[in-house]
Each structure stands twice: as C-alpha cells, then as structure tokens.
Amino acid sequence: MTPLPIPRVPWTSAVLLAALGAGTVRVGRRLRAVPVLPAAPSASAGVPRAAGWRLLTARGVEADAATFLSACAHAEREGLRVLDLLPADLPTERALGLLRLVDPARYQADRLGEGRGAGFAVLASEEVLARAGVDPDGPRPGPAELLALTRRLKEYAAGATGLAIAPALSCGPQPGTTGPARAAELRAQGLPPGALSAAQLAGLALLAGAAVRQGRWGAAAAGLYWLQPYLALGGPGSPLRPADLARATAARPVRSLGAAVRTAAAARGGGEPAPGRAAAYRAAAYRADLAAGTERFFEARRPDCPWCGSGRLAVRVRVPDLLQGKPGRFTLERCEDCGHVFQNPRLSPAGLEFYYRDFYDGRGGEAAGTVFGRLGPSYRARAEMLRGHAGGAGPESWLDVGTGHGHFCNAAREVWPRTRFDGLDMGDGILDAERRGWVETGYQGQFPEFASKLAGRYEVVSMYHYLEHTRDPQAELDTAAAVLAPGGFLTVEVPDPESRMADLLGGAWLPWFQPQHQHLVPAANLREALADRGFTVLVEEHGAAHQGNDFFGAVALTAARLAPDPDRPWGPPATPRARARAGLVRTAALPCFAVAAALDTLRSTAARLTDGGNAYRILARKDTP
C-alpha cells in the first residue's frame, strides 16, 4: 500500500503561519471579551450617578450624555474607578495594537499591568483624578497625551481599571499618522519606538523572503498577514466597526512598511523630545560632582570581614559601574572563613547618593518601574510563602522594607486582600506608593531609625532584595527583630553568592550589581544570624527564588560596557560617533539576547528542579524576645 504523501512545509513558513494564526485567534478572542456599553442605561438599573465622574476626551472627540451615563453605570456596576472607552469606529491598526497588548479578561485583576487604552476617551472618578494630580478642566489632550494619562491613572486605580466599547462614540476624522506622532504614542505607552519599528521591518522582510522563496507556503503566510485585520475584526457580530477596515486590509503591507519606516526615522533623528531644563540642570550637577573626583565616594578599605571579623580576605571580582556607566571601579572581597562577600572599600554616604541617583527615581525611574511592574508572578510567590504559617485569613499587618515604589505590596494584595501593607524606603518612590494606595503608610528613611517607633507593631516584616543594599545587614536584622511582634514572621530574599553562575559569568553576573550591592550573605550565615536573634527558620527556598536573568543580564551588562548610553548626563557630550557605536552594539546584541533568553529558560527549569538558583529566600518565625 502506497503511503499518503505528506507535504513538506518549510520551517520558516510553518513558524510564520503558526504565529500569525495564533495571533489572529488571540485578537479575536480578546475582542469578544471587551464589554460593550448599551446605547443608554437600562431602566431596571435606575438612574446612574454622574456625580463624582469626569469624562476626558481627546481633541475632536465628542461623547453624548447617553454614552457618559452608560459608562458611569458600567463602571459602578463593575467596581471600576477608571474606564477607557473604545470608539466603535476605532482605526484598524490601533485596535489590533491595543488587543495585542491587553487581555481584557485579565486587565482589571492585573494590579501591576500597564494602563492601556485607545487614546480617545477615558472615564475617571474625581477621587482618582485628584490623587493623580490631574486637572479635568485643563486643555484637551491629544491621543498621545491621553494614552500617557490612562497609563498613569491605572497606577492610582490598580485593581479598578477597565476597557469597554462605546457604540455611539466616534473617534472622528482621522488624519494620517505621521512618524513623530506614532513614535510619541508609543513612548506614551512606555514602548520603545526604535526597537518596535526595527522588529516590524524585520518581520516584513522575513514575510517577503518567505513569499518569494518558499512557494505556496510562504505565500500563504504572507496572505494570512495581509488578511489578518479583516479576519480578526471584520467577522459577523464584531463589536468594532473600523471605518478604515477595507482600506487597511487591502493596503496592509504597504501601510505597515511606511509606518515602520516613518517611525524608525522619527525615533532616530528628531523624534526624541529635546532635552529640557531639568536635563540641563542634571548634567550640570553631575559635572560639579565629578569635578572634585570620585575618591570622596569611597571609605577606607577595611582589613577584616564585617560579618565574622576574620582577616583572611580575597578579591572576588573587580568591575566598573555596568548599570549606569558612572565613573569608578568597585571591588568585592570574600571572607575565606565564613564566605561573606562585601564591597571593599565600600561607598561613603556621598557615594551612595551619587551612584543611586537617577536609577530608581529621576532619569531612570520610569525604566525601573517598568521592570518591577513585570515581576508580578515573583511577588505573588513571595507572598504565598506565608501560606500554612500565618493562618487562613493571613496576617493583619505587613511591613515591606526597601519597598521602592510599592510594587510588591500592590501585587501581594491579590494573595492577602485583608492585610494592611505598609512600606519603608529611602527614596521618594515610597511617597508615590502611598499616594497611589499601593501601601497604606509609607515610611521614608533608614530602617534602624524606626526601630523604637515601630517596635512590636507588625506580624510580618519582609526584606526582598534589600539586605544586600545595606551598609550593616546585622543592624537591619536587629531592627526587624524589634519591629516584629512575638510570633511574627521575617521573610528575606537575597542573591546567593555561592551560585555556580557567579563563577561562570564572572564580572558579568548580574547579581553582583555593582556599585549598589554592598553585602552578599551566604545562606548558612543568614540562618546563624537569625538563630542568634531568636528566630526559627521555617522554610528555605533556593530554586523557587531563582531569577531567570543570568545570561540575559550578562549580555545587557556587556553591551553597556562596550557602548554606554551616549546621552547619560554624567558622561561626555554625545557625539555622532558615540551614537553610531551604541546603535551598532545594540543591533549586534539582539541575537545574543534571543539566545540568552533561551538559555535562561533552560537554566530556570534546572534551578527549580535542583533547588539551586542565583538567589534564596528564608521564612523565619520570631520565637523569643
């Protein structure tokens, strides 16, 4: 019997078909999950309360009273404080882009998710607008400004922001989107226009190559891309009716190519906002700091281990500042007796201020917030560690030390909704966390300063990737013991200096994190220190605490070392040569990042199977005073 012929599909075309097919199905599923407002509130629902709500619309967009009242009724029924309204005639590519970014079924519950919208109309409660410092009576924003506003408002209504389609709302006549306008809209959403346009151009080139060289399968992949807008948005019963759907589908390859080229040009030259007065002040301040040299940023080298007092020290690693590219060279030494790794010489208070500046706040604040906002699963896993130890309802009070902008506390509310979460940090981010409602009370300052004020007040104290930043980890543990009530819990997560990856990657191992990390404590040392303070260790996890960024971080640090950010205010003035070098290095690093991400996936799987990662976390109970 002759076997049936099995068609051979080129792997490139197979991957493209699978990716495009899955993307089309995903967009269609997400579209069906977006609520649709009724044309007017139902009589059975009663008269909705318009008081306390404001509808902000972009220039040229008008909403009738019925739409406003219907949106108010929907928001109150669903427990929302912010509601982005999608016009029924939302432009095709804007609709596709939004549905790629947002899963409406999970959007409201995702407390750390970025605020996303269409950029035409946003309903918000007056209370949220007041806390966010938004004047609803100010000038009407453009689409990019409204996109940025939606992103901001979700931070102040973390679990109470949603999307809905407003059938009676129209986005009005839409002029062609220019490259600078599209780049501005992408930046407003926290997305890099240069990288996205490069990825779009690479995808179009791949599709074109497959269509030309891989016969009918390549043509099928290109055809699926061509028809994707109509397949995703134009089906029967679709709640969106983009006015440009036919044109956008027919001319999609040409339109996509033109948009990508214009956006890339805008991102490369003239698309970036001009440096403002704040940037000029920042650069002048750094020049003044560096004029006196960097020696004052370091204390004298100490001859003994700060943990056990041994004088048997050996250099573990010497590296420059690979995080920001600020001047200076930093040494980590290891105690040959207890294994403690510490910065020697360590930074002075002036040095800490200099090297932390513009990393978590200021110039680097948005990037840091974006990174922390993507760690939701890790935050929830940390909170889950208390299961089975803190009672069914969970602890009543929790202090997160080194909370930054409060991302952990915001995410942990999903696990422990009845717990009062407070936070403590040195930076101004703790004040933002309190204004957003991510923490109930924010304490700004050094933890030991609050030992007597907060004595015995908390059931849980957490220190997640905080202890390694401190000047005296043992004093921090003393303070935690004082702040906890008898029977309370201390949970600590820190990098593991005994990780095998530290030897493999050397100075490019991300958890060295110089110059910010001053102490890296082996697990045995921390267990002993906790026992000395009357704690009983209940759980110790290594694989579960692993952070899957060893190889990706090594590529990022190496790229930063080869080509620092040419616009850094503490560096020399940017030159065309420096910009070209940075661009070349970043382009060359793209395939390395892809390989690194794959290796990190394998490494994370191995870490969880063997319980050996690049970090560890400990849960301990305070049993004795």
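The values are calculated or read from the model by the stated rules, or taken from the named source; none is laboratory data. Keep in mind that this is a model prediction, so the values were computed, not measured. Glycine also receives a Cβ, built like all others from the backbone with ideal geometry; neighbour counts cover every protein chain displayed. Keep in mind that these areas ignore ligands, DNA and RNA; they rest on the heavy atoms of the full protein, side chains included. Shrake-Rupley method; radii C 1.70, N 1.55, O 1.52, S 1.80 Å.
Please specify each residue of the range 209-237 satisfying the condition of being within 30 Å of residue 166 (Cα to Cα), in contact (Cβ under 8 Å) with a residue 60 or more places away in the chain and either surrounded by fewer than 18 Cβ atoms within 10 Å (Cβ to Cβ) or more than 31 Å from the chain's Cα centre (by Cα) (or both).
224, 231, 235 - these are the residues of the range 209-237 that are within 30 Å of residue 166 (Cα to Cα), in contact (Cβ under 8 Å) with a residue 60 or more places away in the chain and either surrounded by fewer than 18 Cβ atoms within 10 Å (Cβ to Cβ) or more than 31 Å from the chain's Cα centre (by Cα) (or both).
The residues on offer are 158, 88, 164, 181, and the sole one that is modelled with pLDDT under 95 and out of contact with any Lys or Arg (no Cβ under 6 Å at 6 or more places or on another chain) is 181. Please go through the range 431-442 and give me each residue that is free of Cβ contacts under 8 Å to residues at least 24 places away in the same chain and more than 12 Å from residue 409 (Cβ to Cβ), ordered by number. Passing the criteria: only 431.
Taken over the range 213-237, residues that are out of contact with any helix residue (DSSP H, G or I) (no Cβ under 7 Å at 6 or more places or on another chain) and either farther than 30 Å from residue 36 by Cα or not in a loop (DSSP other than H, G, I, E, B) (or both) amount to 4. Determine whether residue 316 is in a strand (DSSP E or B), among the basic types (Lys, Arg) and more than 30 Å from the chain's Cα centre (by Cα). Criteria met by residue 316. Number of residues in the range 131-156 that are in contact with an Asp or Glu (Cβ under 7 Å, 6 or more places away or on another chain), of a type outside the set (Gly, Ala, Ser) and free of Cβ contacts under 8 Å to residues at least 60 places away in the same chain: the value is 2. For the range 243-272, name all the residues that are assigned to a loop (DSSP other than H, G, I, E, B), closer than 16 Å to residue 195 by Cα and at pLDDT 90 or above. Residues satisfying the conditions do not exist here. Could you figure out which of (1) touching a helix residue (DSSP H, G or I) at 6+ places or on another chain (Cβ under 8 Å); (2) surrounded by fewer than 20 Cβ atoms within 10 Å (Cβ to Cβ) isn't true of residue 345? The number of the failed condition is (1).
Kindly indicate whether residue 383 is modelled with pLDDT of 90 or more and touching a Lys or Arg at 6+ places or on another chain (Cβ under 7 Å). Answer is no for this residue. Does the range 404-421 contain any residue that is without any contact (Cβ under 8 Å) to a residue 40 or more places away in the chain, in a loop (DSSP other than H, G, I, E, B) and over 25 Å from residue 107 (Cα atoms)? No, the range 404-421 contains no residue that is without any contact (Cβ under 8 Å) to a residue 40 or more places away in the chain, in a loop (DSSP other than H, G, I, E, B) and over 25 Å from residue 107 (Cα atoms).
Just wondering, is there one or more residues in the range 347-357 that are over 23 Å from the mean Cα position of the chain (by Cα), part of a strand (DSSP E or B) and in contact (Cβ under 8 Å) with a residue 12 or more places away in the chain? The answer is yes, given that some residue of the range 347-357 is over 23 Å from the mean Cα position of the chain (by Cα), part of a strand (DSSP E or B) and in contact (Cβ under 8 Å) with a residue 12 or more places away in the chain. Of all residues in the range 299-313, none are assigned to a helix (DSSP H, G or I), closer than 22 Å to residue 352 by Cα and touching a Lys or Arg at 6+ places or on another chain (Cβ under 8 Å). Checking each residue of the range 305-322 against the condition of being over 15 Å from residue 567 (Cα atoms), basic (Lys, Arg) and open to solvent by 80 Å² or more (accessible area, probe 1.4 Å) gives at least one match. The criterion of at least 2 residues that are in contact with a Pro (Cβ under 9 Å, 6 or more places away or on another chain), within 20 Å of residue 305 (Cα to Cα) and open to solvent by 10 Å² or more (accessible area, probe 1.4 Å) is met by none of the strands (runs of 3 or more DSSP E) falling completely within the range 428-535. Looking only at the range 385-403, residues that are in contact with an Asp or Glu (Cβ under 9 Å, 6 or more places away or on another chain) and either in a strand (DSSP E or B) or surrounded by 24 or more Cβ atoms within 10 Å (Cβ to Cβ) (or both) come to 6 in all. Please verify whether residue 582 is within 21 Å of residue 553 (Cα to Cα), touching a residue at least 40 places away in the same chain (Cβ under 8 Å) and surrounded by 14 or more Cβ atoms within 10 Å (Cβ to Cβ), treating the condition exactly as stated. Answer is no for this residue. Evaluating residue 240 against the criteria (1) open to solvent by 70 Å² or more (accessible area, probe 1.4 Å); (2) in contact (Cβ under 8 Å) with a residue 40 or more places away in the chain; (3) in contact with a helix residue (DSSP H, G or I) (Cβ under 8 Å, 6 or more places away or on another chain) leaves one unmet condition, (1). Going through (1) closer than 28 Å to residue 287 by Cβ; (2) open to solvent by 10 Å² or more (accessible area, probe 1.4 Å); (3) over 15 Å from the mean Cα position of the chain (by Cα) one by one, residue 382 falls short only on (1). For the residues 365, 325, 376, the requirement of being open to solvent by 20 Å² or more (accessible area, probe 1.4 Å) and of a type outside the set (D, E, K, R) singles out 325. Among the residues of the range 543-567, the ones that are more than 14 Å from residue 607 (Cβ to Cβ) and either open to solvent by less than 50 Å² (accessible area, probe 1.4 Å) or assigned to a loop (DSSP other than H, G, I, E, B) (or both) come to 12 in all.
Going through (1) farther than 30 Å from residue 523 by Cα; (2) open to solvent by less than 30 Å² (accessible area, probe 1.4 Å) one by one, residue 612 falls short only on (1). Being under 30 Å from residue 567 (Cα atoms) and open to solvent by 70 Å² or more (accessible area, probe 1.4 Å) holds for only one residue in 285, 291, and it is 291.
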